[in-house]
Amino acid sequence: MKDKSITIIGSGINAFFFIKNLVDNNIKINLIDFTFSKKNNNKKFDNQSSPKIQIENFDENIDKFKELNCLIYNNFNTQSGLAIGGLSNVWGGTIYKFTSDELKKNNLHDLNLYSYIKYITDENLKIIEPEKKPFFENLFNNNSYTVNYNERLVSNFEVPFNVKEKFRELINKKKINFIDGFVDRINKNEKKYDLLIKDKNGKKFIFSDKNLVLAAGSISTARLLMNLLNKNTAKLLSTPLYREVFFSTNRHKNNNLSAIFSITNNNFKDIASHIFPLNGLNNKFFLNYLKLKGNFLNPFINFIKPNFYGVYHYLSSDYSNITIEQKNENILITGNKTENIKQIFKRNSLNRYKFFKIPFTSKELLQGNDNHIGGSFPLKNYFNKLNELNNFKNLHVIDGTYLNYIPPLGYTLITILNAIRIAKNISL
Ligand SMILES: Cc1cc2nc3c(=O)[nH]c(=O)nc-3n(C[C@H](O)[C@H](O)[C@H](O)COP(=O)(O)OP(=O)(O)OC[C@H]3O[C@@H](n4cnc5c(N)ncnc54)[C@H](O)[C@@H]3O)c2cc1C
């Protein structure tokens, strides 16, 4: 029998790499997440959603996430969801590398995070080089821009891997003990943490452990910490987003929806742009966007789709302004107005020869829609070097909640590598 145990809340990508580097250490690993199924599946296509959100029940999943967390959004939106729809389930596997400057802003610069990258891959997961696109490279080949081809973390079949499948394998091999439920509250006792959990039928039960890891995604974790620390307000960081659609004479035939490359501005490091091919999109997405119905348009859409590209420009979190407030039982998340952001985006638009912007498609999206949210409880104010919460022994946070700054290219690689570092160094 294993005499040590640890309980992880949330089965996203950060939890996965944490657990992957902890199993087989003679520690009992408990994992809590909420799975649910709903028969009635009226798929809505929200034009503000990422084109990758084409999985079943996605919208219902987000609704359930909001309901259980008692969230009210005001001028804010996100794709955070639960279990089958957690952000990790739809991530594209693109590895956005970070700079030492970006780590410094997060107080993570002396931890040698890149040395942990070797623990990401295994016999089923590999990092691949992206396909190069000289056509576009030549368009942006000047002193102002740098074109970055991002590596991708994929399964052996060279497609993004499903994090939930990975957990299922660990559960089937009895490497982890899965508890199906939603953690509503954490209470600290003298020697352990009591978790108040809601099951699918709304019934509540308590589960306790001495060692606890919060990996429930930045919104859920912020709510749990606000309750635990008795804090009524917190800030939330995002990477504000501006979307444009372009037509190019270059036809992209591959169906993969991941970014082909990213562009950084050499003179203004707070912005980055991703170029996404739209060829892999379901035709319904185009029809809904144009508010049209009818299969007779499919041959035309199939012909024209390879010429369309979505460009997403992201600003660093220094340009975001979101507040979280506890209002009775509810959590109100408000996206506050940020000045002149639209002008910054417009100035940095990629309007180039052979790359034509489609009129009326440019849009500043609501804060939160960028998928890179976090920063409610920054490392330097709340945690020690192993992300253990001050005055809360054996409680660690490994999702984006502890960041102080989010680079325009996103933070997932930072938190994954840090989760691995914590797993390798934690003492139970
Ligand atoms: C469409 C899309 C594409 C993306 N592509 C990329 C990419 O290519 N590269 C990249 O670097 N990043 C990408 N991202 C961002 C990346 O997915 C996120 O940064 C990452 O998934 C965050 O992981 P996480 O483990 O912190 O949280 P999540 O993935 O959100 O997981 C949290 C888990 O916790 C569970 N949970 C929540 N609350 C509770 C609770 N109270 N009790 C129990 N369980 C709970 C949820 O069900 C969920 O399973 C993408 C995001 C989206 C939406």
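The values are calculated or read from the model by the stated rules, or taken from the named source; none is laboratory data. As the structure is a computational prediction, the values presented were derived from the model and not from experiment. Positions of Cβ are backbone-derived with ideal geometry, glycine not excepted, and every protein chain shown enters the neighbour counts.
Number of residues in segment 10-32 that are in a strand (DSSP E or B) and either closer than 21 Å to Leu113 by Cα or within 16 Å of the chain's Cα centre (by Cα) (or both) equals 0. Residue count for segment 155-181, restricted to those that are out of contact with any strand residue (DSSP E or B) (no Cβ under 6 Å at 6 or more places or on another chain), surrounded by fewer than 18 Cβ atoms within 10 Å (Cβ to Cβ) and either more than 30 Å from Ile206 (Cα to Cα) or among the aromatic types (Phe, Trp, Tyr) (or both): 5. For segment 157-206, filtered to residues that are closer than 30 Å to Ile120 by Cα, out of contact with any helix residue (DSSP H, G or I) (no Cβ under 7 Å at 6 or more places or on another chain) and among the polar types (S, T, N, Q), the residue that is farthest from the ligand (Cβ to nearest atom) is Asn172. The test for being more than 16 Å from the ligand (Cβ to nearest atom), in contact with a His (Cβ under 8 Å, 6 or more places away or on another chain) and at negative phi holds for Ser100. If you filter segment 356-383 down to residues that are basic (Lys, Arg) and outside any helix (DSSP H, G or I), you find that the one that is nearest to the ligand (Cβ to nearest atom) is Lys363. In segment 235-253 there is no residue that is at pLDDT 95 or above, away from the ligand (no atom under 16 Å from the Cβ) and either assigned to a loop (DSSP other than H, G, I, E, B) or hydrophobic (A, V, I, L, M, F, W, C) (or both). Among the residues of segment 207-234, those that are within 12 Å of the ligand (Cβ to nearest atom) and either surrounded by fewer than 20 Cβ atoms within 10 Å (Cβ to Cβ) or within 30 Å of Lys342 (Cβ to Cβ) (or both) comprise Phe207, Gly217, Ser218, Ile219, Ala222, Asn227. Filtering segment 103-118 to residues that are more than 15 Å from the ligand (Cβ to nearest atom) and either among the charged types (D, E, K, R) or not in a helix (DSSP H, G or I) (or both) leaves Lys104, Lys105, Asn107, Leu108, His109, Asp110, Leu111, Asn112, Lys118.
Are any of the residues in segment 13-22 modelled with pLDDT under 85 and aromatic (Phe, Trp, Tyr)? Looking through segment 13-22, none of the residues is modelled with pLDDT under 85 and aromatic (Phe, Trp, Tyr). Give Gly310, Gly368 a once-over and let me know the one that is farther than 30 Å from Asn230 by Cα and small (Gly, Ala, Ser). Answer to the selection: Gly310. Taking the listed residues Leu403, Leu395, Leu366, Leu428, the one that is within 22 Å of Ala215 (Cα to Cα) and at pLDDT below 95 is Leu428, with no other qualifying. For segment 320-342, a tally of residues being under 21 Å from Leu241 (Cα atoms) and either in contact with a helix residue (DSSP H, G or I) (Cβ under 9 Å, 6 or more places away or on another chain) or not hydrophobic (A, V, I, L, M, F, W, C) (or both) returns 14.
If you filter segment 60-95 down to residues that are assigned to a loop (DSSP other than H, G, I, E, B) and touching a strand residue (DSSP E or B) at 6+ places or on another chain (Cβ under 7 Å), you find that the one that is surrounded by the fewest Cβ atoms within 10 Å (Cβ to Cβ) is Asn75. Regarding segment 319-328, can at least one residue be identified that is under 25 Å from Asn232 (Cβ atoms) and within 13 Å of the ligand (Cβ to nearest atom)? No, because not a single residue in segment 319-328 is under 25 Å from Asn232 (Cβ atoms) and within 13 Å of the ligand (Cβ to nearest atom). If the condition is being away from the ligand (no atom under 11 Å from the Cβ), surrounded by fewer than 24 Cβ atoms within 10 Å (Cβ to Cβ) and farther than 19 Å from Asn187 by Cα, then segment 391-414 contributes Asn404, Tyr405. Among the residues of segment 98-142 satisfying the criterion of being over 20 Å from the mean Cα position of the chain (by Cα), surrounded by 14 or more Cβ atoms within 10 Å (Cβ to Cβ) and aliphatic (A, V, I, L, M), which is farthest from Ser248 (Cα to Cα)? Per the criteria, the residue is Leu111.
For segment 67-89, taking the residues that are over 9 Å from the mean Cα position of the chain (by Cα) and within 6 Å of the ligand (Cβ to nearest atom), the one that is modelled with the lowest pLDDT is identified as Ala83.
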